[in-house]
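Undergrad: Can you keep this structure in mind? I'll have questions shortly.
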Amino acid sequence: MSAIPVSAFLVLGTPALALALAFFLFHRRLARRTHWPILASCAVVTLAAADLALRAWRGEAWDQTLFTWIVGGPWSVEFGIRIDALCVSVLAMVAVVGTLIHVYAVGYMAHDPGFSRFFLYFHLFFFSMIGLLVSNNYLQLYLFWEGVGLASYLLIGFWYERASARAAALKAFLTNRIGDACFLAAVLLLLAQFGTVQFSELFERVASRPVSDPWLAWACGLLFLGAAAKSAQFPLHVWLPDAMEGPTPTSALMHAATMVTAGVFLMARSGPLLEKAPEVLGLIAWIGAGTALGSAIVAAMKKDLKRILAYSTVSHLGLMMMAIGVGHAFAAVAHLVMHGFFKALLFLCAGNVLHALGRSTATVDEVGGLARRMPLTAACFAVGALALAGIPPLSGFFSKDLVLEAVDGRGDRLLMGAALAVAVGSSLYIFRMFWLAFFGDRPRQGGPRAQLHENGAWMQIPVLLLALLSFGAGAAAWGVGLLPAELSGHTAGLGLSAAAAGLALSCLLFMAWPQWDWNWRERWPGLERWMDADFGWQTFAHRVVAAPAAAFARFVAWNWDRRVLDRFLESSAETCLGLSEGMSSLSRGMLNDYLWWMAAGAACLAGCVLWAF
Amino acid sequence: MGFLTLLWLIPALGALVAALAPSRNASRAWALLVSGAGLLYSAWLLLPYGRGAGALRLEEIGRGSWLGIRYRMGVDGLSLPLIWLSAFLIVVALLSSRRDFSKGYWASFLALEAGLFGVFSAQNLFYFYLFWEAALIPMFFIIGLWGSEGRVAAAFKFILYTFLGSLALLVGLIYLVVVHHGATGIWTWDIPELARSPIAGPASIWIFAAILIGFAVKIPVLPLHHWLPDAHTEAPAAGSILLAGAMLKMGVYGLLRVLIPVFPDLSAAALPWLGGLGAANVVYGALCAMAQKDLKRLVAYTSISHLGFCLVGLFSLTSEGIAGAALVMVNHGLSTGGLFLLVGMLYDRAHRRGVSDFGDLASGAPYFAFFFAFILLSSIGLPGLNGFVGEMMSLAGMARVHWPLAAAGLGGTVLAAAYALPAYHQVFWAPAGPGSVTAKVTDMEAGERALLWALSAVILFLGLYPRPLLELMRPAVTTLAGRL
Amino acid sequence: MVWAVSAALLILGLAALVLRRQLLAMVLGLELMINAANLNFVFYGSRRLDAAATAIVLLVIAVAAAEAVVGLSLILALRGKGSAAESSELLGLQG
């Protein structure tokens, strides 16, 4: 193992430095220029990540401890950097996509009074994600994991004067905190069982354990719950759709590069642990399948532009989890990277539309026929949609095919059926959105406004570059041999026909007979509400978890702690007072009474003495 | 005169001088001078430990003893951080106090400092108890004389609870010494001596329980915690800082220094119960904090929750758990002290403490918003800030011996977010409602900012590099854990 | 028989002390009780030829005289202030 390259320090150190500079210097004095140090840091990170990627491609890998963080009796936890193929493949995508979204945000947020604050949060998000990727142990990963959670919370609640933004931020943080507690529980368990959480040492020690070791199964299950919160898997996915309250670049970054990918990355990182827990793997596969299918269906009926994309992310993360669950972390990571490109592209296209409209959210009812006014955005969106649907030779095709192959290899027909259904669904909902938003000015839609126009270069160039990446990244990776050279004709055919079926269905339902999408909502409003709440799960989670917890806290704090327990203990003072008053009524000051008591006392004493002798 | 006598004697004499000073301003200046000297002195005491040396440093006066009572002071890696913390918080508290308090106020804080230093450096239980009681009295006056509306009731509640606890402690200590004399024929109040030959038999259970109750009231452990919300709420901000930051630690320190070394077997036997009590503290305090409408009460209940982590770590009886508990003490002192400081600053400006009395402070007072968020995040255990390390180590210790209790403690970390963030949202983010006092809150002045930058720097440093502190504690923790 | 007489005297004195509210009557009760004791001392002292008992009797008479002086002068002082000198008026000693 050669000496760790300077790039590894750059990817971690530059954003930290830029953040400090921006916070202490620019934020106070040059608020409109906060993006300078931050964009510079993005550039450095991208170059350094590219350097690391090239080195890793040549087969180099590093794992180095920098300093000891926590020492506790039998174990110690270090700060370290681990650069390997897994880290670098995600890191390169995060760096590139993150940088492009940073550039986009300069244009998008230009007129927002919180411009400077936004960039601080945004870069903190980026920095935490990079730190998460290069960590060499679980606890350090947890540190950055929470950093990612914090930054996402701040960004979701960025427009904090809105009640909905505050509620969404709180929901995101609390849901993630539940996952984080599970993650930390897993870390503590590993620490207690193996005495280390450093990946290399831990994986060595785990290798000697038998398969289905109960402690490992628990640790893996808890790790998955942590990942489920971050990567928005059932039952902890509830926060992600609401996270749309943040500015659109946040959504793009969160869905493509920095937040939701962390869970999949964690699962991929924990491969050696998961191998020893086949039960948990099966569970992951099925939860992934359920989440993917359910959210694909929900995405196909949502109206809000960003929410459609949000559910699409949940669905694709479900696909990645399926790949993890069948033991093909490589497929999951490949799809993660490709998904990062096209999902960022789709979000930025939606951002273009919203920015042109001058609002933070819009439903498909409020747009329509946008292709005429914003042709470039429409074209880029089409590229993203095709990539997402998995049409060759766009990037999504290659990675989705890998996932399908992985699932197919398991030989479970039901699971494969679910994966194919998700493929049909993806294609259906993304083209539905495409048709509804960019074509056909339907009677029930607002239609394109005259003042709509494409946005400036800050926003266009990143979109174009992402479109290029979404178009060619898969083919390029395949071409240079990063992805397996052989494509299975069987799954490719299945995947392609699923995508085509979805496309055809969407043409039929939303181009030929578009009234359908409005009619069923009017006929079955209850069904729409039910689907809108993720098949009732959101309502359930609120009624069964959140509301009772708050009510219970109120009960404990007021009815029990204050009214019962404190009253009871304070009443001891009143009891003392009452006793003392009772006693003092015996001595009203009458001499005769005192003498009587004295005589009685003397008699008692005399009695005692007589009895004793 | 020895270096440890000087430690408590300087503030004690300083208090006397402050009380007799010619004017309020002179008294204040003198108090700041003495507390600053105390901070420097305590920092100087820390120095040799940075180089990895470090067991007990002792100081004794006189060879003989009467019934085992002799003056014997000593500091080690467990007491020095707390001494430093007390000195630091006294300086912060005095600097943040309004200038127009009377001479008694400044003198009380110095007297409190003397008591705290004495408790944290006594090696003889008689003097330990003496300082323990001596620290209560100035706090009684601080709450009762300079507090807010309900101060008198709160002060009496405080003194009643703690005096009853102290009584149990005193009875326990005397009984302990007597029983120890009966068993070994030696009269001694020295903690190491008592620890060397632990007593056994049915009497030891009663003694254990009495001493435990004495310390538990101070921590406070459920269900003896009711003095704390009232005392914290009614005390002046500086009083709350010290009450939460330093005085609660006396209880945990007592467990660490007296109860566990003297009763190792009983502590081990009581592990699931006391650890469970700690976990209950964590969850219960957090649940109560969730429903509070008064900022100071909220922070007070978070203290109950955090001190639960101390119990969880301590009664795991593992070296990482004990070190974690010791670290939680320091970290909680910094972050909760910081929160009380901030709430006090808000109260000084607006004379309100209710969560819903404020709104949208982030727009008009960005420094408040930043520091409040920063310290709140440290308090709810965000990794990278100081609160996390201690909690994590405590839970890791418990996870090794009693897994479900660690899981319950982890539940508390989720609830921590649930009590901290909604309050923050209301005060800093939500639009100001009718009747809110937001307009009265001006942003921090340069001096206040400097204070908080210093605090934040310590918080960040201990979060990312707690090692110096852990190394400092290690010899003492290893000795303690090795005897268990 | 003598012990019975002295016991009766003691009880009568006690009854006067506890039941009567007039201070003068209470002082008289006290005197009765003291003399009940004296009676015992005198009788049993002469039976056993014990000089110490006689000495005690003399001492007790002195104490009783002093007590009568203090008690009566207190009562006189109270009467001088226009008080009825009854114990129900003197409630200053209450808890």
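The values are calculated or read from the model by the stated rules, or taken from the named source; none is laboratory data. Predicted, not measured: the structure shown is a model, and the values here were computed from it. Reconstructed Cβ throughout: ideal geometry from the backbone, glycine too, with neighbour counts over all protein chains shown.
Undergrad: Please go through region A:467-514 and give me each residue that is over 28 Å from A:Arg413 (Cα atoms), touching a residue at least 60 places away in the same chain (Cβ under 8 Å), over 30 Å from the mean Cα position of the chain (by Cα) and in a helix (DSSP H, G or I), ordered by number.
TA: A:Cys507, A:Leu509, A:Phe510, A:Met511
Undergrad: Working only within region B:253-291, note down all residues that are in contact with a Gly (Cβ under 9 Å, 6 or more places away or on another chain) and of a type in the set (Val, Ile, Thr).
TA: Selection gives B:Val282, B:Val283.
Undergrad: Kindly indicate the residue of region B:196-220 that is farther than 29 Å from B:Met345 by Cα and part of a loop (DSSP other than H, G, I, E, B) and also farthest from the other protein chains (Cβ to nearest Cβ) among those meeting that condition. Quick ask: steps written out before the conclusion?
TA: Of region B:196-220, the ones farther than 29 Å from B:Met345 by Cα are B:196-216.
When the remaining residues are screened for being part of a loop (DSSP other than H, G, I, E, B), the result is B:197-201.
Working: B:Ser197: 26, B:Pro198: 23, B:Ile199: 28, B:Ala200: 28, B:Gly201: 32 Å.
Going through the qualifying residues, I end up with B:Gly201.
Undergrad: Separate question: What is the one condition in (1) crowded, with 24+ Cβ neighbours inside 10 Å; (2) within 23 Å of B:Leu484 (Cβ to Cβ); (3) not acidic (Asp, Glu) that B:Ala235 does not satisfy?
TA: If we test B:Ala235 against (1) crowded, with 24+ Cβ neighbours inside 10 Å; (2) within 23 Å of B:Leu484 (Cβ to Cβ); (3) not acidic (Asp, Glu), just (2) comes out false.
Undergrad: Here's another thing I want to ask about it. Starting from residues that are among the basic types (Lys, Arg) and in contact (Cβ under 8 Å) with a residue 60 or more places away in the chain, keep the ones in region A:370-424 and report whichever is nearest to A:Leu317 (Cα to Cα).
TA: Restricting attention to region A:370-424, the residues satisfying the condition of being among the basic types (Lys, Arg) are A:372-373, A:400, A:410, A:413.
Pick out the ones that are also in contact (Cβ under 8 Å) with a residue 60 or more places away in the chain and you get A:372-373, A:400, A:410.
Working: A:Arg372: 33, A:Arg373: 33, A:Lys400: 12, A:Arg410: 19 Å.
Once the filter is applied, the top-ranked residue is A:Lys400.
Results for (1) under 24 Å from the mean Cα position of the chain (by Cα); (2) among the small types (Gly, Ala, Ser), shown as yes or no for each residue.
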position: B:Gly412; (1), (2): yes, yes
position: B:Leu415; (1), (2): yes, no
position: B:Pro422; (1), (2): no, no
position: B:Gln426; (1), (2): no, no
position: B:Gly435; (1), (2): no, yes
position: B:Thr438; (1), (2): no, no
position: B:Glu445; (1), (2): no, no
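Undergrad: If you don't mind, another one. Could you tell me which numbered condition A:Leu527 fails, if it satisfies all but one of (1) within 13 Å of chain B (Cβ to nearest Cβ); (2) surrounded by fewer than 16 Cβ atoms within 10 Å (Cβ to Cβ)?
TA: (1)
Undergrad: Suppose we filter region A:121-169 for residues that are over 15 Å from A:Arg82 (Cβ atoms) and not hydrophobic (A, V, I, L, M, F, W, C); how many remain?
TA: Qualifying residue count, region A:121-169: 14.
Undergrad: In addition: Tell me which helices (runs of 4 or more DSSP H) are completely within region A:91-198 and hold 1 or more residues being in contact with a strand residue (DSSP E or B) (Cβ under 8 Å, 6 or more places away or on another chain) and farther than 26 Å from A:Leu52 by Cβ, or say none if there are none.
TA: Details: elements: A:115-134, A:138-156, A:163-194.
Where helices (runs of 4 or more DSSP H) fall fully within region A:91-198 and carry at least 1 residues being in contact with a strand residue (DSSP E or B) (Cβ under 8 Å, 6 or more places away or on another chain) and farther than 26 Å from A:Leu52 by Cβ, they are A:163-194.
Undergrad: Taking the condition of being over 13 Å from B:Leu346 (Cβ atoms), surrounded by 13 or more Cβ atoms within 10 Å (Cβ to Cβ) and away from chain A (no Cβ under 13 Å), how many residues in region B:423-448 meet it?
TA: Within region B:423-448, residues that are over 13 Å from B:Leu346 (Cβ atoms), surrounded by 13 or more Cβ atoms within 10 Å (Cβ to Cβ) and away from chain A (no Cβ under 13 Å) number 0.
Undergrad: Which one of these is over 60 Å from the mean Cα position of the chain (by Cα), part of a helix (DSSP H, G or I) and either surrounded by 12 or more Cβ atoms within 10 Å (Cβ to Cβ) or free of Cβ contacts under 8 Å to residues at least 12 places away in the same chain (or both): A:Asp593, A:Asp517? If you could, list the steps in order and put the result at the bottom.
TA: Values: A:Asp517 fails: over 60 Å from the mean Cα position of the chain (by Cα).
After applying the criteria, what remains is A:Asp593.
Undergrad: Let me ask another. Looking at region A:521-561 only, could you name the residues that are modelled with pLDDT of 80 or more and not in a helix (DSSP H, G or I)?
TA: A:Trp524, A:Phe535 - these are the residues of region A:521-561 that are modelled with pLDDT of 80 or more and not in a helix (DSSP H, G or I).
Undergrad: Taking region C:15-35 only, how many residues are under 9 Å from the mean Cα position of the chain (by Cα) and either more than 14 Å from chain A (Cβ to nearest Cβ) or aliphatic (A, V, I, L, M) (or both)? Give the derivation first.
TA: As a first pass, look at region C:15-35 and keep what is under 9 Å from the mean Cα position of the chain (by Cα): C:17, C:26-35.
Keeping just the survivors that are either more than 14 Å from chain A (Cβ to nearest Cβ) or aliphatic (A, V, I, L, M) (or both) gives C:17, C:26-28, C:30-35.
Looking only at that region, the number is 10.
Undergrad: Still on this structure: Pairs needed: first member in region A:68-79, more than 7 Å from chain B (Cβ to nearest Cβ) and on the phi > 0 side of the Ramachandran plot; second member anywhere, surrounded by fewer than 21 Cβ atoms within 10 Å (Cβ to Cβ) and among the polar types (S, T, N, Q); C-beta distance under 7 Å; at least 6 residues apart or different chains.
TA: Close Cβ pairs satisfying both conditions: none exist.
Undergrad: Give me a count of the residues in region B:351-397 that are at pLDDT 90 or above, more than 27 Å from A:Gly73 (Cα to Cα) and in contact with a Gly (Cβ under 6 Å, 6 or more places away or on another chain).
TA: 1
Undergrad: On to the next question. Which numbered condition trips up A:Phe552, out of (1) touching a His at 6+ places or on another chain (Cβ under 9 Å); (2) within 14 Å of chain B (Cβ to nearest Cβ)?
TA: Failing condition for A:Phe552: (1).
Undergrad: Let me confirm something: among B:Leu248, B:Leu242, B:Leu169, B:Leu256, which residue is crowded, with 24+ Cβ neighbours inside 10 Å, within 26 Å of the chain's Cα centre (by Cα), more than 27 Å from B:Leu145 (Cβ to Cβ) and away from chain A (no Cβ under 14 Å)? So that I can check it myself, show each step before the final result.
TA: Values: B:Leu248 fails: more than 27 Å from B:Leu145 (Cβ to Cβ); B:Leu242 fails: more than 27 Å from B:Leu145 (Cβ to Cβ); B:Leu169 fails: more than 27 Å from B:Leu145 (Cβ to Cβ).
Just one listed residue meets the conditions, B:Leu256.
Undergrad: I need the full set of residues from region B:259-307 which are within 10 Å of chain A (Cβ to nearest Cβ) and not in a helix (DSSP H, G or I), in order please.
TA: Of everything in region B:259-307, those that are within 10 Å of chain A (Cβ to nearest Cβ) and not in a helix (DSSP H, G or I) turn out to be B:Ala291, B:Gln292, B:Lys293.
Undergrad: Shifting gears a bit: Would you check which residues across region A:240-261 are of a type outside the set (A, V, I, L, M, F, W, C) and assigned to a helix (DSSP H, G or I) and list them?
TA: A:Pro241, A:Asp242, A:Glu245, A:Thr248, A:Pro249, A:Thr250, A:Ser251, A:His255, A:Thr258, A:Thr261
Undergrad: Of the residues that sit in region B:137-160 and are touching a Lys or Arg at 6+ places or on another chain (Cβ under 9 Å) and not small (Gly, Ala, Ser), which one is farthest from B:Ala300 (Cα to Cα)?
TA: As a first pass, look at region B:137-160 and keep what is touching a Lys or Arg at 6+ places or on another chain (Cβ under 9 Å): B:143-145, B:148.
Add one more test, that the residue is not small (Gly, Ala, Ser), and what stays is B:143, B:145.
Details: B:Ile143: 15, B:Leu145: 20 Å.
If we take residues in region B:137-160 being touching a Lys or Arg at 6+ places or on another chain (Cβ under 9 Å) and not small (Gly, Ala, Ser), then B:Leu145 is farthest from B:Ala300 (Cα to Cα).
Undergrad: With the requirement that a residue be part of a helix (DSSP H, G or I) and surrounded by fewer than 24 Cβ atoms within 10 Å (Cβ to Cβ), what does region A:297-324 give you?
TA: Within region A:297-324, A:Ile297, A:Arg307 meet the criteria.
Undergrad: Sticking with this structure for a sec: Six or more apart or on different chains, Cβ atoms under 8 Å: show the pairs whose first residue is in region B:108-126 and in contact (Cβ under 8 Å) with a residue 12 or more places away in the chain and at positive phi and whose second is surrounded by fewer than 24 Cβ atoms within 10 Å (Cβ to Cβ) and assigned to a helix (DSSP H, G or I).
TA: Once the first residue is in contact (Cβ under 8 Å) with a residue 12 or more places away in the chain and at positive phi and sits in region B:108-126, no partner that is surrounded by fewer than 24 Cβ atoms within 10 Å (Cβ to Cβ) and assigned to a helix (DSSP H, G or I) comes close enough.
Undergrad: Which one of the conditions (1) crowded, with 24+ Cβ neighbours inside 10 Å; (2) within 12 Å of chain B (Cβ to nearest Cβ) does A:Trp159 fail to meet, given that it meets all the rest?
TA: (1)
Let's see how each residue does on (1) among the hydrophobic types (A, V, I, L, M, F, W, C); (2) more than 16 Å from the chain's Cα centre (by Cα); (3) within 11 Å of chain A (Cβ to nearest Cβ); (4) buried (at least 24 other Cβ atoms within 10 Å of the Cβ):
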{"site": "B:Asn331", "(1), (2), (3), (4)": "no, no, no, yes"}
{"site": "B:Leu334", "(1), (2), (3), (4)": "yes, no, no, yes"}
{"site": "B:Pro366", "(1), (2), (3), (4)": "no, yes, yes, no"}
{"site": "B:Leu385", "(1), (2), (3), (4)": "yes, yes, yes, yes"}
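Undergrad: Now for a different question. Take A:Leu266 and decide whether it is touching a residue at least 12 places away in the same chain (Cβ under 8 Å) and in contact with a helix residue (DSSP H, G or I) (Cβ under 7 Å, 6 or more places away or on another chain).
TA: On the way: touching a residue at least 12 places away in the same chain (Cβ under 8 Å): yes; in contact with a helix residue (DSSP H, G or I) (Cβ under 7 Å, 6 or more places away or on another chain): yes.
Against the criterion (touching a residue at least 12 places away in the same chain (Cβ under 8 Å) and in contact with a helix residue (DSSP H, G or I) (Cβ under 7 Å, 6 or more places away or on another chain)), A:Leu266 qualifies.
Undergrad: A follow-up question, please. Of all the residues that make up region A:70-104, how many are surrounded by fewer than 24 Cβ atoms within 10 Å (Cβ to Cβ) and in contact with an Asp or Glu (Cβ under 6 Å, 6 or more places away or on another chain)?
TA: Selection size over region A:70-104: 1.
Undergrad: So which of A:Ser135, A:Ser128, A:Ser152, A:Ser164 is surrounded by fewer than 23 Cβ atoms within 10 Å (Cβ to Cβ), at negative phi and either modelled with pLDDT of 90 or more or more than 10 Å from chain B (Cβ to nearest Cβ) (or both)? If you could, list the steps in order and put the result at the bottom.
TA: Working: A:Ser135 fails: surrounded by fewer than 23 Cβ atoms within 10 Å (Cβ to Cβ); A:Ser128 fails: surrounded by fewer than 23 Cβ atoms within 10 Å (Cβ to Cβ); A:Ser152 fails: surrounded by fewer than 23 Cβ atoms within 10 Å (Cβ to Cβ).
The match here is A:Ser164.
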